[in-house]
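Here the structure is laid out as structure tokens; the discussion comes afterwards.
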Amino acid sequence: MSRLFRKYQPLVKAKQRDPVFGLDSLLKTVSRFTHSVTKKERRLLLQAQEVNQLSQTLSSLTDEELTFALQKYQSGFKQKRYSGDEFFLSHALAHVVETCERTLHIRPFDVQIMGALALYQNYVVEMKPGEGKTITAGLAAILKGWCGLPCHVVTTNDYLAARDVATLKPLFERCNVTVGAIVQDIQAAERKAIYRHDVVYATSKELLADFLRDQIHLNGELDSHQLLINEFTQLNSRSKNTTMRGLHSVIIDEADSVLSDEAITPLIISVEGQNHLLKEAVQITKSIIDKLQLGIHYTLNSRYRDIELNALGKALIEDLAGELPSIWKIALWRDELIQQALIAREFFIKEHHYTIIDEKLVIVDEKTGRLMHGRTWRYGLQQAIEAKENIALSNPSETQASLSFQHFFRLYANVAGMSGTLHGLKNEFWHIYGVHILTIPPRFPSKLTLLPEVIFPTNQDKWSAVVAKIQQFSEKGLPVLVGTRSIQDSEELAEKIRGLGFSCNVLNALYHEQEAQIIALAGQPYAITIATNMAGRGTDILVSKQINNSGGLHVISTELYESRRIDWQLYGRSGRQGQQGKAICLLSLEDELLITYCPASIRTKLAKVISTPMGQKLSLFIYRYIQKKAERIAFMSRKNMLQHSIHLKNTLPFANG
């Protein structure tokens, strides 16, 4: 029975670690400081140096001797004979490092070995851009793959998943670890076969979608005892037809984005339904709200994307609602339609939140600027935006299964990750995922120069300054990368630059297929690249020695985000691996962050003094304060969302009883 349990155990969800709130939350925060992260970092670095030195003594081994040693260590990991034995772990990893040298002709650096040790021990590590996270994750994945339980490595897109597997496959195979990549177009039978590998590379979206499909197949049955009984008796065992092999260990690249920025975004498995009455009601609702005026019939709350109708607006709707189909005349449903239509009109902007391709609406990820094909907004919002754009209304979808990425990754028994930007996430990761963040020292000290920020009273002034700064850098032959917040901003800026006789490349969701080619050219002399925040995370912008000696890649940010980490994702495109680089941020009192979180009265007062040195300092101070406030609100929103969903999960079964 114990052997059967070990065989099936990966299919069983890990026990959820419920977050704590109130006074317990404070105590949990205090408990984080009882774990000496600094001491652990020093110890891991020393261990990594020992591993590297030991690996260099193995060069005298023949290929047969190395193969025998790798098999011996794999057997030890699988049988858990040496659990927690630092000596055994160091020697095992040293043999993997030597194998890496022989198969990939790359000898991992101390910091990469340190990162691999930390990932294997389920830490989230902060590694600066360009430090070699691909090799780091590969080393750790081999050790986890040797344990015989599923290990998933999360990448930011399909291209990187396939690329990393192709790059590291010789190393994995030499270490007797099977590896595969799950990408969007792979069919069900092949997916199931790939998930039987020891290590699987995939995006978070692909992993969660496959998990939800298995949940639908299992009818949510994940009780370990019942599943074991079914497996043992061969009666009603649905587990044989599941796609995944279970959730045991996960290593997440760009962990800040996956575990924080996108954490509460739900992934939904849905089927297209027919609802002609909804479509008719949405079209009529559009004609109704065309008669409503901002400031006369309703007001906006930009921070929460909320609409509040006043008495005049409510009275007008009562007069016009008779045109709606009978079922939508019910006040609750009618008001929901009106709200969604007004939200679509006031808060969802074309080429910022969505775009139109082949007469179909495609959502744009606000944080990465990438297209989200196949995703739709719920509760009639999708149809409301389609009506606003005068394109054919899509059929509403009916949800079969839904889960947030936050919930999903909390189901893994072991969570590890890495990113170049983890500032401000230590408390959140400890509270929600029970993991600590370690900092991996860079191989070379950073030579990136962050120039003083400048803030302007209006967007027009800011964009004029951006154009002037691009000219200044480009005329010196330097490559320039400009980060914009929306597709529309990137296109309009490119038009201005081209109008002055300069050539430039645009990297946004509309040109995502040319991303690798655009990034490859972004470090060339005189290159001007205008990008949304997607800016090719996971790939390096290479600059020549001549360009590096002249100052390196110059980055211009045109707006701050709700998180300082996202700003640094753009700055971090420059100054990699000890190279030269400069970054500057040009801002405006009309930027989205200030409009959303800063009262108009304060912005009006700042505009009067912004031309003075003291006014500049005050404006920038308030901008930074607003950004920190937005970060706190976002964290509490993610934590409260988790608390709410857990509360529903615990109480609804009793309500149904």
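Numbers for the structure displayed
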| item | result |
| --- | --- |
| Flag for Tyr73 being surrounded by 16 or more Cβ atoms within 10 Å (Cβ to Cβ), within 31 Å of the chain's Cα centre (by Cα) and touching a residue at least 24 places away in the same chain (Cβ under 8 Å) | no |
| Residues that are closer than 15 Å to Ile289 by Cα and not aliphatic (A, V, I, L, M), drawn from the stretch 318-327 | Glu318, Asp319, Gly322, Glu323 |
| Some residue of the stretch 177-189 being under 25 Å from Gln406 (Cα atoms), at pLDDT below 80 and not aromatic (Phe, Trp, Tyr) | no |
| From the options Lys128, Lys144, residue that is farther than 25 Å from Asp540 by Cα, basic (Lys, Arg) and not in a strand (DSSP E or B) | Lys144 |
| Boolean, Lys28 is at pLDDT below 95 and farther than 30 Å from Gly581 by Cβ | yes |
| Qualifying residue in the stretch 296-311 (condition: charged (D, E, K, R), more than 30 Å from Gly434 (Cβ to Cβ) and assigned to a loop (DSSP other than H, G, I, E, B)) | yes |
| Hits in the stretch 333-360 (condition: part of a strand (DSSP E or B), of a type in the set (D, E, K, R) and under 20 Å from Ser302 (Cβ atoms)) | Lys350 |
| Residue ID - surrounded by the most Cβ atoms within 10 Å (Cβ to Cβ), chosen from residues in the stretch 501-537 that are at positive phi and at pLDDT below 85 | Ala535 |
| Cβ-Cβ under 6 Å pairs, at least 6 apart or on other chains, the stretch 323-344 side assigned by TED's automatic domain parsing to the domain that holds Ile288, far side acidic (Asp, Glu) | Pro325/Glu280 |
| The stretch 131-141, subset part of a helix (DSSP H, G or I) and not hydrophobic (A, V, I, L, M, F, W, C), residue surrounded by the fewest Cβ atoms within 10 Å (Cβ to Cβ) | Thr134 |
| Filtered residue count, the stretch 275-295, keeping only those that are outside any loop (DSSP other than H, G, I, E, B) and either under 24 Å from Arg378 (Cβ atoms) or in contact (Cβ under 8 Å) with a residue 60 or more places away in the chain (or both) | 14 |
| Qualifying residue in the stretch 459-475 (condition: in contact (Cβ under 8 Å) with a residue 24 or more places away in the chain, in contact with a Lys or Arg (Cβ under 6 Å, 6 or more places away or on another chain), under 15 Å from Ile584 (Cβ atoms) and buried (at least 16 other Cβ atoms within 10 Å of the Cβ)) | yes |
| Residue, surrounded by the fewest Cβ atoms within 10 Å (Cβ to Cβ), within the stretch 320-349, restricted to residues that are over 14 Å from Leu381 (Cβ atoms) and among the aromatic types (Phe, Trp, Tyr) | Trp333 |
| Subset of the stretch 397-425 (residues that are touching a Lys or Arg at 6+ places or on another chain (Cβ under 9 Å) and closer than 23 Å to Gly130 by Cβ) | Ala416, Met418, Ser419, Gly420, Thr421, Leu422, His423, Gly424, Leu425 |
| Residue in the stretch 34-60 that is farthest from Asp110 (Cα to Cα), counting only those that are aliphatic (A, V, I, L, M) and surrounded by 14 or more Cβ atoms within 10 Å (Cβ to Cβ) | Val37 |
| Single residue of the stretch 387-405 satisfying the filter (modelled with pLDDT of 90 or more and out of contact with any helix residue (DSSP H, G or I) (no Cβ under 6 Å at 6 or more places or on another chain)) that is surrounded by the fewest Cβ atoms within 10 Å (Cβ to Cβ) | Asn390 |
| Selection count, the stretch 252-274, where residues are assigned to a loop (DSSP other than H, G, I, E, B) and of a type outside the set (Asp, Glu) | 5 |
| Yes/no for Arg498 being surrounded by fewer than 21 Cβ atoms within 10 Å (Cβ to Cβ) and of a type in the set (Lys, Arg) | yes |
| Pair list, Cβ < 6 Å and 6+ apart or interchain, from the stretch 94-115 residues that are of a type in the set (D, E, K, R) to residues that are buried (at least 19 other Cβ atoms within 10 Å of the Cβ) | Glu98/Ser55; Asp110/Ala48; Asp110/Asn52 |
| Residues within the stretch 357-373 that are surrounded by 15 or more Cβ atoms within 10 Å (Cβ to Cβ), modelled with pLDDT of 85 or more and more than 20 Å from Glu592 (Cβ to Cβ), tallied | 2 |
| Qualifying residues in the stretch 411-445 (those that are at pLDDT 90 or above and among the polar types (S, T, N, Q)) - the one farthest from Pro150 (Cα to Cα) | Thr439 |
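The values are calculated or read from the model by the stated rules, or taken from the named source; none is laboratory data. Bear in mind the structure is a predicted one, so any value in this text is a computation, not a measurement. Backbone-built Cβ (ideal geometry, glycine too); neighbour counts: all protein chains shown.
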